[in-house]
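Participant: After the structure tokens below, expect a handful of questions from me.
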Amino acid sequence: MRQRLALIITLIIVVIVLIALNAASYVRVEHVSDSENAPDRSTFNSGATGTQAFYDFLHESGYNVVRWREGASSLLSYNGLKPAVFVMIGELQVPYSNRETREVLQWVESGGHLVIIDRHPDRRLLLGLKNWVVATQALSYPWSDLDPNDFEQMTNGVKPLRPSQPTALARNVDSVMPSRFMGFMTLSPGKEPQPTPTPENDEEETGGSDYERTPSESNDVAVNKDAPAPVVSLADERGALLLDYAYGKGSMVILSDPFIVANNGVGRADNLLLATNIVAGRGGLIAFDEFHQGRATTHNALFQYFAGTPVLAICAQLGLIGLAIVWSRGRRFARPLPLPQVDRRSKLEFVASMAELEQRAKAHDLALENIYARMRRVLVRYAGLSNSSPRAEIARRVAARSGLNRDELETLMRNCEDTINGAPTNAKETLRLARRLREIEAKLGLRTRARDVKQAAEKD
């Protein structure tokens, strides 16, 4: 017991020390406020640059929306309900690779609707635009100490824009309030040069800004002047802010200012109405890309909840302690002790078996012999005689000492001996003789049945 107590106290001390060490080594991660220099456009972000407000509005308005936390390849291979609209909001935390870009374009070509909301869209995603080149530029860039929650700083010198023409995307939109950092898109006839993929950059290359046209390439490209141009829904004299065009069986929409769908700008003017037309105008499942926002489903939800805290380390250390205890308890430190031999048989089992056999065989004489033989030995000891003494002498001595009737006792002994020696009898007569023997036993107080009483008590 002392050894166990010492072991328990030692374990308690070890656990307390581990908890103290983990608590002391835990460094609380400081919350970084949103910044337009490094925005977080995730629908999980409730800060100024996030898009949680727009996502919650769509969800509560009854639109079928989902946070897509799988890779781009799942758009083609997903077994469940596939997205009809896929929304990318930049800047992305995890850039698209060349392979992912091809898979997204393949999904659009097969009938998907891609929405890109970014001040500088990935040039690789615009390669499907036939005979037209889209160039993007920003007239102003956010500075380091800019407060994204300050509406005046975000929109200083910017006036609301009205739709340039009635389109489905600008339906019921009166004016849109962009930010001062919005990007402008300019369209020019031509053809974007197609990059030649190589084994080295096919999987690893993620940059999209190095696809620049050279003057020689621009002059050598044959332009089809009858090719349909992208439809511009929102623009001013500096360029387009919103355009869309068909690609294969699907379509693509480009909005060059994330401020319109961000938490700090979605409530201004008709920004929310325009964003809803862009995203929900086609119907079907609307998927927001969270995989490239750094929210991929690569970890267990419980582990993600406790990520960055000492809880996981404490649980792992407690698990190691538990394994050490199980291992130490399972080892033998001395010779093996024999298991206790427990007699599971009842002491009356033999008696019950013999009684059942005698009853089935109608061996009444044998049953009476078992009772009378023991009773006669007790009467001999009570009378102070030997086992070879005659029946009459035993009856006389017992009657003289106890006051019983001598003739009745001698007659009872004679009838028992005659039955044992083969005299005709039946179950009723045998039971009468046995009951008479038990009565004499009780009157004399010989307690010859003490063992039977003890065995019956043990059986109960």
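Participant: So which pairs qualify, if the first residue must be in the range 163-186 and on the phi > 0 side of the Ramachandran plot, the second must be surrounded by fewer than 17 Cβ atoms within 10 Å (Cβ to Cβ), the Cβ gap must be under 8 Å, and the two must be at least 6 apart or on different chains?
Facilitator: Cβ pairs passing all conditions: N172/L273.
Participant: Still on this model: Show me the helices (runs of 4 or more DSSP H) found entirely inside the range 1-98 where at least 1 residues are among the β-branched types (V, I, T) and modelled with pLDDT of 75 or more.
Facilitator: 2-25
Participant: Take the range 257-286 and flag every residue that is in contact with a strand residue (DSSP E or B) (Cβ under 7 Å, 6 or more places away or on another chain) and open to solvent by 10 Å² or more (accessible area, probe 1.4 Å).
Facilitator: A269, D270, A280, R282, G284, L285 - these are the residues of the range 257-286 that are in contact with a strand residue (DSSP E or B) (Cβ under 7 Å, 6 or more places away or on another chain) and open to solvent by 10 Å² or more (accessible area, probe 1.4 Å).
Participant: For R69, indicate whether it is within 30 Å of L312 (Cα to Cα) and open to solvent by 20 Å² or more (accessible area, probe 1.4 Å).
Facilitator: So R69 fits the description; yes.
Participant: Restricting the first residue to the range 53-69 and requiring it to be closer than 14 Å to V87 by Cα and touching a residue at least 12 places away in the same chain (Cβ under 8 Å), which pairs with a second residue that is among the charged types (D, E, K, R) and in a loop (DSSP other than H, G, I, E, B) meet a Cβ separation below 7 Å and a spacing of at least six or different chains?
Facilitator: Qualifying pairs under 7 Å: R67/E290; W68/E290; R69/E290; R69/R295.
Participant: Determine the pairs where a residue that is over 26 Å from E358 (Cβ atoms) and among the aromatic types (F, W, Y), located within the range 369-398, has a partner that is open to solvent by 20 Å² or more (accessible area, probe 1.4 Å) and part of a helix (DSSP H, G or I) with Cβ atoms under 9 Å apart, the partner being 6 or more residues away or on another chain.
Facilitator: Pairs that qualify, where the first residue is over 26 Å from E358 (Cβ atoms) and among the aromatic types (F, W, Y) and the partner is open to solvent by 20 Å² or more (accessible area, probe 1.4 Å) and part of a helix (DSSP H, G or I), are Y382/R397; Y382/R401; Y382/S402; Y382/L444.
Participant: Determine the pairs where a residue that is part of a loop (DSSP other than H, G, I, E, B), located within the range 401-418, has a partner that is open to solvent by 90 Å² or more (accessible area, probe 1.4 Å) with Cβ atoms under 8 Å apart, the partner being 6 or more residues away or on another chain.
Facilitator: Within 8 Å, the pairs are L404/K443.
The values are calculated or read from the model by the stated rules, or taken from the named source; none is laboratory data. Source: prediction; values computed, not measured. As a convention, Cβ positions derive from the backbone with ideal geometry for all residues, glycine included, and neighbour counts pool all protein chains shown. These accessible areas exclude ligands, DNA and RNA; they are computed on the full protein's heavy atoms, side chains included. Shrake-Rupley method; radii C 1.70, N 1.55, O 1.52, S 1.80 Å.
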